1. Want the number for S677 to E174: 0.36 nm per residue separation, take away the alpha-carbon distance, what's left?
2. At 222 nm, what helix-only mean residue ellipticity would the chain give, in deg cm²/dmol to the nearest 500, using -39500 (n - 2.57) for each DSSP H run of four or more?
3. Rounded to the nearest 0.05, what FRET efficiency do D160 and Q396 have when you use their Cβ-Cβ distance and R0 = 35 Å?
4. Quickly work out the T489-to-L667 label distance, labels modelled 7 Å from Cα along the C-beta direction, and quote it in nm with one decimal.
5. With 17 Å as the cut-off, how large is the P(r) tail for the stretch 133-266, expressed as percent of Cα-Cα pairs?
6. What does a probe at S239 reach in the stretch 505-524, counting residues whose amide N is under 18 Å from the point 7 Å along Cα→Cβ?
7. Of all DSSP beta bridges located in the chain, what percent are antiparallel, nearest 5?
8. Identify, among T314, T557, N726, the residue whose Cα sits farthest towards the positive end of the charge dipole of the chain, taking +1 on the Cβ of Lys and Arg and -1 on the Cβ of Asp and Glu, with the dipole about the Cα centre.
Amino acid sequence: MKKENKVLGKSAGGEEIAIPFKQTTLDGRISGGIGNFILTQDFQNGSKALQEIHYTFPIHPKAAVTGMRIEFEDRIIDSDIEELDKAFEQFEKATQKGDSAFLLDKIMDDLLLLQIGKLRPGEQCRVQVHYIQEFPQYDNQLRVTIPTSFSPRYSPAGSDPIMTDIINPGWLTEAPYRFILNLKIDPKAIESIQSVSHHIVQTALDNGEIAIHFQQEAVALDRDIVIDLKLSDESKEGSCFIAKNESGRQFGVLRFMPQFPESNKNHDEYQPADYIFIIDCSGSMTGSSIRTARQALEIAIRQLNKDDRFELITFESSYQLLFNKLTDYTTENFNKALGFIQNIDARLGGTELKAPLKSALKMKSEASRQKNIYLITDGQIGNDQEIKKLWLKNGQESRLFAFNIGYAPAHGILDTLADISGGVAENILPQDDLLSIVLRQFGRSNQPRVEDIKLHFQGLSVNEKKLPELRPIFENDTWTAYFQIQEITENAKIKLIGKLGDKELSWSFKPIILGTDKSISQLYGRQRIQQVKNDINLNHKNLIKLSKKYGVLSPSTSFVGILKRKGDEKAKGEATLTRVPLQLTKNFSTSPINSFIGAAACVGMPQALRRFTSYSLVSSNIFENFVSEDSDYTLLEMMAEPEENYRFIVKILSKQDLEGSFDKSILPLISDSLNQSDIEKVIESLGMRNRELAEKLIYTRIVILMIQNIQADPSICHRSLSKAKNWFNTTCKEQKLDKIAIINAAQHLYPGS
């Protein structure tokens, strides 16, 4: 490999120092919701001494890491997957002999550690990490998320100091290395492509695929790459693919985004539930993240129903409960919660989630009530295994729905807890449509879902014992199952059966045979590994066996590669350990004046603090690209430009009261469509003594008609619409009013429906 100029950074004293990491390039192809990627990392020892290089970097928790290959000058070194201790032993023996060794470990669900030992002065190497990732599909959109960096992670007192050191390698506010993207997308069933994180360029290729690159040649590794693929109706049909791996064994994947028949749904039926909101107020949440958290929380609180119970918990190094118990959703408690939310702010404490989560899990719910825990955080947690053990032991009766906030949130623990509990974790970038994400996520807790799932295989046999646990099916959310096939016939068919309430639903799929493609078997292997890893009685032997069988990295295995040197090429002597400092994520700070304080505050260990002083940390403006606190915009308007119908819904929903009704405060929003004098005449014609109630009934019915008329996304408006309908129907019944007459009166005013 041709030698290039070494990458330089500046120390706190202004001295130029060599950073051994030069750049990273991601090459990938996405088809059918699954991406195959090669992450290439270039390193160079720019010092005058032998170096052992450690680089901690993020990977999405749903990625299956399937290989590591090393290029060194004109040589190619392939790695093997080995048990953790055995791989490290091979690494140590090789470096002691003067050879070079490469070790890749999965240290957290969303973090990898690459160790390179040894590189002689001036030497370069290229490391390729191969992985596969399945992407979620919500509401006719597939979101591709590729992490590039992570923020300082807080480790409580008593945490493993070695692990704390590894996950906090030091940060730069302006790192010299860059990220290059070379992505190809199969355009089948895709209507449009856009990125909410970066400026991208799309190019149509001769083979029909679409190439995606950054508008700039390379960008900073300071945030997740997020690309949204808007899908056509064709994508809703679902698909089942079967392929052989390299050893000839056959594996299948069934993936679809269900829509339930209207005849089997009752949008107005509501089951009272308990809601516990846990809000991260630690130092890493300062700035845009805490503002987004407040906005998300207020939107969610407004979606509760009168028979629900709720509690709010804020946390950092300590935690605070608003009511000290699950309490009724009354006007008084609602207003108290709003005041509490307005005073939420980030402090310099750490992200100590364990105690508040334990408190939430201890709160008792009646058997008839589902307990839903909503966690709003950037997820910068260092003790993820403690958190997971707590949930596995105490969380059987709860579901977790997480909002992952920020440019580069920690995906690992939140995705894991959501998967275990049957919930969902969603990411919120500052540029995202906040309202739609919050309402979609909140709607999942009480929307219709298909349970008691069974797969019936006709014309093919599978190993039933190795079938994964089948998750509930939510409407308009991706549902995926992987399975291993023993035999298959030409007329094979798969039938999926489940229950929506007391009604049975079924879908049938005809498998498509792909030939040889190891991707499906590797994703099947990852799913099996996840099942073992998320069992409270973790079995490392099973993890090792599955990891080696399917060639997928696990917490109990490593990829290890050895470069054997000869004669004068031997790297003799002790090597200097060099940790690659990371690019600090965009807008991460506990002060708009001093980034250094914010970064150090989140680590919580003296040696980590000393590491920060090794590099120059300059101030950055955390308020960039955000609406200021004293802006004239209303809460629900502080988001990216939505479409016209969406803007209308945003404004309308902000006017809904606690019980679900609307009053004349919506008049300025609908004056283009309705004449105020006509509304007054209709209200008079009803002949009701309680004029205020008559106004509410008419305005509420008009809003229902308007939202139905513009065919708003049910996953976004379901809760608010149901709340309005329930209030209208209940009020008419309790007051013994002529419901049909009121409906006709509203219909007369707004015939557009």
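Nothing in this text is a laboratory measurement; each read-out follows from the coordinates by a stated rule. Predicted, not measured: the structure shown is a model, and the values here were computed from it. Please note: Cβ atoms are built from the backbone with ideal geometry, for glycine as well, and neighbour counts cover all protein chains shown.
1. This chain segment gains 175.0 nm when fully extended.
2. Values: 18 runs with 202 residues, N = 753.
So the calculated ellipticity at 222 nm is -8000 deg cm²/dmol.
3. Values: r = 28 Å, r/R0 = 0.79.
It comes out at approximately 0.80.
4. A separation of 7.2 nm, rounded to one decimal place.
5. The proportion of pairs with Cα distances above 17 Å equals 73 percent.
6. Zone members listed by number: 508-524.
7. Values: 120 of 163 bridges.
Rounded to the nearest five, the antiparallel share is 75 percent.
8. Most positive-ward Cα: T557.
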